[in-house]
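Here the structure is laid out as structure tokens; the discussion comes afterwards.
Bear in mind these aren't lab numbers, they're just calculated from the coordinates by the rules spelled out. Model, not experiment: these values are computed from the prediction. In this analysis, Cβ positions are derived from the backbone assuming ideal geometry, glycine residues included, and neighbour counts consider all displayed protein chains.
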Amino acid sequence: MTEVPPRPAPRIEVHVDAADLATSAAGELITRLEDAQARGEEPHIGLTGGSIATAVHQELGRMGPRSGVDWSRVVVWWGDERFVAPDSEDRNARSARAAFIDRLPFDPAKVHDIPSTSDAGSADDAAAAYSAELREHGAGLFEVLMLGLGPDGHVASLFPGHPQLDADDQVAVSITDSPKPPPERVTLTLAALNRSRCVWFLVNGEDKADAVAQALAAGTDLHDIPAAGVSGEAETIWFLDRGSASQL
Ligand code: 6PG
């Protein structure tokens with residue numbers, strides 16, 4: 001099981017709705033990237049899929065051009081990805097590109113997609129290749145990692161009761177029986193997700209309220225609610241809307 005040394009308590013931000021949440025998270029990300037670049041760093045960020053992540057990405061696409069961020073010096077990774085064709089509607093990278101990556105002057109060499117079915121023979125091969133690529137760059141040392149949450153408490157593509165939750169000696173692993181379609185995916189392990197400096201959960205909707213409450217309760221087993229096993233080394237923020245915060 002992942003041994004996580006003591007970390008700062010999570011901060012909880014409750015927003016009036018998903019749109020307000022997305023604007024706030026995108027604005028905060030822009031500030032963090034500007035600050036990191038002002039310190040002379042080239043920040044790495046971790047993206048995820050899902051509806052609320054897409055809303056944040058769209059806000060980045062809208063606010064990004066007017067920001068002080070040098071997008072060509074931002075390095076992009078994914079916390080998880082669906083193992084499908086590169087142009088599939090299910091592909092997290094495709095959606096993030098349409099929402100903001102293709103709208104901003106990113107350096108294509110610094111946008112690290114998880115291999116698709118065009119680049120790898122199996123989800124397992126894709127996970128191995130992505131692990132090797134990530135290992136060359138700190139194995140998940142992200143300035144900010146954004147994550148969604150499923151109503152069952154899943155995070156990235158780590159689902160309750162699945163053996164991938166204990167794959168701590170690896171960086172990325174495959175999954176072929178995801179309860180959330182599509183079934184084949186690649187996900188970072190808890191060990192890799194926990195290397196981030198800042199972890200931001202983006203969660204909206206009343207159907208996630210129970211998972212949010214359990215993830216934040218003391219003593220929750222990460223095998224039941226995987227999100228309970230992820231935190232940032234320096235900061236963990238839960239960006240919630242009123243619905244997802246309704247059981248806190
Ligand atoms: C994915 C994910 C997944 C997602 C949550 C929340 O690729 O499906 O990365 O972990 O973030 O399921 O998704 P929603 O915001 O759509 O509920």
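Across all Cα pairs in the stretch 68-183, the calculated P(r) in 10 Å bins from zero up to the longest distance comes to 12, 44, 36, 8, 0 percent per bin.
DSSP beta bridges confined to the stretch 146-248 are antiparallel in about 40 percent of cases.
In order along the stretch 102-109, the Karplus-derived 3J(HN,Hα) couplings, from 6.51 cos²θ - 1.76 cosθ + 1.60 at θ = phi - 60°, round to 6, 8, 10, x, 5, 8, x, 5 Hz, and Gly and Pro are given as x.
Sparse packing (at most 14 other Cβ atoms within 10 Å of the Cβ) combined with a DSSP loop state is found for none of the trypsin sites (Lys or Arg not before Pro) in the stretch 127-230.
A compact globular protein would have a Cα radius of gyration near 2.2 N^0.38 Å; the ratio found for the stretch 156-248 is 1.08. The stretch between LYS180 and ASP224, if pulled fully straight at 0.36 nm per residue, gains 14.2 nm over its current Cα-Cα span. Over the chain, one equal point on each Cα, no solvent: what is log10 I(q)/I(0) by the Debye formula at q = 0.13, 0.15, 0.17 Å⁻¹? Each listed q maps to, in turn, -0.74, -1.02, -1.36.
Grab the DSSP H runs of the chain that are 4 residues or longer, score each as -39,500 (n - 2.57), total them, divide by all residues and round the 222 nm result to the nearest 500 deg cm²/dmol. Walk me through the numbers on the way to the answer.
Working: 6 runs with 67 residues, N = 248.
Rounded to the nearest 500, it is -8000 deg cm²/dmol.
Largest mean-square fluctuation among ALA218, ALA55, ALA191, in a Gaussian network model of the chain whose springs join Cα atoms under 10 Å apart, belongs to ALA218. On full extension, the segment bounded by ALA85 and ARG39 gains 12.7 nm, given 0.36 nm per residue less the C-alpha separation.
Between ALA98 and ALA234, the C-beta separation translates, for a Förster distance of 35 Å, into a calculated FRET efficiency of about 0.65. Computed on the stretch 154-203, with alpha-carbon pairs under 8 angstrom and 6+ residues apart, the relative contact order is 34 percent. Within the chain, the selection of entire DSSP H helices by a Cα span of 15 Å or greater along the long axis and an average Kyte-Doolittle value of at least 0.0 returns 18-38, 51-63. Where Rh is the Kirkwood radius over the Cα pairs of the stretch 17-57, the temperature 4 °C and the viscosity 1.567 mPa s, what D in µm²/s does Stokes-Einstein return? My calculation gives 117 µm²/s for D. Convex hull of alpha carbon positions in the stretch 35-112: directionally averaged projected area 5.1 nm².
In the stretch 1-156, Cα pairs under 8 Å separated by at least six residues give a relative contact order of 26 percent. Available extension along the chain between LYS110 and ASP125 is 3.3 nm, counting 0.36 nm per residue and deducting the alpha carbon span.
Count the DSSP beta bridges whose two residues both fall in the chain, then state the antiparallel fraction as a percent rounded to the nearest 5.
Working: 8 of 30 bridges.
If we restrict to bridges inside the chain, about 25 percent are antiparallel.
Solvent-free Debye calculation, one equal scatterer per alpha-carbon of the stretch 1-144: log10 I(q)/I(0) at 0.12, 0.13, 0.16, 0.20 Å⁻¹ equals -0.54, -0.63, -0.95, -1.35.
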